[in-house]
1. First measure r as the distance between the Cβ atoms of Leu37 and Ile265, then evaluate 1/(1 + (r/R0)^6) with R0 = 45 Å and state the FRET efficiency to the nearest 0.05.
2. What's the extension gain from Glu26 to Arg133 if we count 0.36 nm per residue and subtract their Cα-Cα distance?
3. Starting with the fewest neighbours, write out Thr87, Thr35 ranked by other beta-carbon atoms found within 10 Å of each beta-carbon.
4. State the volume of the convex hull built on the alpha-carbon positions of segment 4-264, expressed per residue in Å³ and rounded to an integer.
5. In this model, which of Lys38/Lys61; Lys61/Lys226; Lys8/Lys38; Lys8/Lys226 are farther than 24 Å apart at the alpha-carbon?
6. Give me the percent relative contact order of segment 202-265, please, defined on Cα pairs under 8 angstrom at least 6 residues apart.
7. What size of dipole, in debye to the nearest 20, comes out for segment 169-265 about its Cα centre when the only charges are +1 on Lys and Arg C-beta atoms and -1 on Asp and Glu C-beta atoms?
8. Provide Phe200, Phe7, Phe164, Phe95 in ascending order of the number of other Cβ atoms located within 10 Å of each residue's Cβ, fewest first.
Amino acid sequence: MQPVEVFKGDGPVVLGVPHAGTFVPEAIRTRLNDTGLKLADTDWHVDRLYTGLLPGASMVKANFHRYVIDANRDPEGVSLYPGQNTTTLCPVTDFDGRPIYHTGEEPETDEIEARRLAWHAPYHTALAAELDRVRARHGVAILYDCHSIRSVVPYLFEGPLPDFNTGTNNGTTCAPEIEAAVVSRTNAAEGYSSVLNGRFKGGWTTRHYGRPSEGFHAIQMELAQKTHLATEDTPFAYDEAKAERLRVHLQDILSALEALAPKLI
């Protein structure tokens, strides 16, 4: 299994998909307990949700599961949300704080570094290369980082999560026009709730690549999974009707970002 797939487009928008992959090497899978084997913390069907919405968009997708290594965590292991519950670069618990490995089977430092080199690093090498290619062509690159999560996860946040969770690390990872274009559309999406820089302000990917002064703009979208799944538990099935309703708004967002690109140079 290749760590990453890259689908090259000719436009200024790059879709990052770090958490939709479900591949777990057998040597790791055999050490996971029943909780871990459920792979519940996958960003289920996010790649499918965004495919075809913006014909010129590129997509960089991690094929490995976040339990192997989390492609949206700081490779140095620094917490994204100090003082709050979260999962680590190489998770040993799920989003409910429950162990995912059989006792004594958790990865140690050397193994974590080996996983980082084998999986995390190739994903970011590919993503950085695609952003460089796009910026060279257009003078600007807009990274839209695609995520989803269960609507209710008490270990991570209180109460139900809004449907659209836009993150720009408090406005630092993109031009204000990009933030405004996304937020105006999520706020106007009838029947959906939204928040800017709430519980999710943008993960390591958004914070690392978002350098507006250099022509790299990044924004994260965390979708509550009730917006496009039939159920937020096994089998985590894609709901065509829900998804098509949501895709109208996602297409509007991505089209707006593409139209903004020439004005950001």
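1. Values: r = 48 Å, r/R0 = 1.06.
Step by step, r from the Cβ atoms, then E = 0.40.
2. Details: separation 107, 0.36 × 107 = 38.52 nm, distance 3.47 nm.
In short, 35.0 nm is gained.
3. Values: Thr87 22, Thr35 15.
The most exposed by this proxy come first: Thr35, Thr87.
4. Numbers: hull volume 30.5 nm³, N = 261.
Spread over its residues, the Cα hull of segment 4-264 gives 117 Å³ apiece.
5. Working: Lys38/Lys61 21 Å; Lys61/Lys226 22 Å; Lys8/Lys38 32 Å; Lys8/Lys226 30 Å.
In this structure, Lys8/Lys38; Lys8/Lys226 lie more than 24 Å apart at Cα.
6. Details: 41 pairs, mean separation 12.9, N = 64.
Result for segment 202-265 is 20 percent.
7. Values: 10 positive and 12 negative charges, 60 e Å.
Approximately 280 debye in magnitude.
8. On the way: Phe200 22, Phe7 14, Phe164 25, Phe95 18.
Final ranking by Cβ density, sparse to dense: Phe7, Phe95, Phe200, Phe164.
Only the coordinates and a few stated rules stand behind these numbers; no lab work does. Note that the structure is predicted; figures quoted are calculated from it, not measured. Every residue, glycine among them, receives a Cβ derived from its backbone with ideal geometry; neighbour counts consider all protein chains shown.
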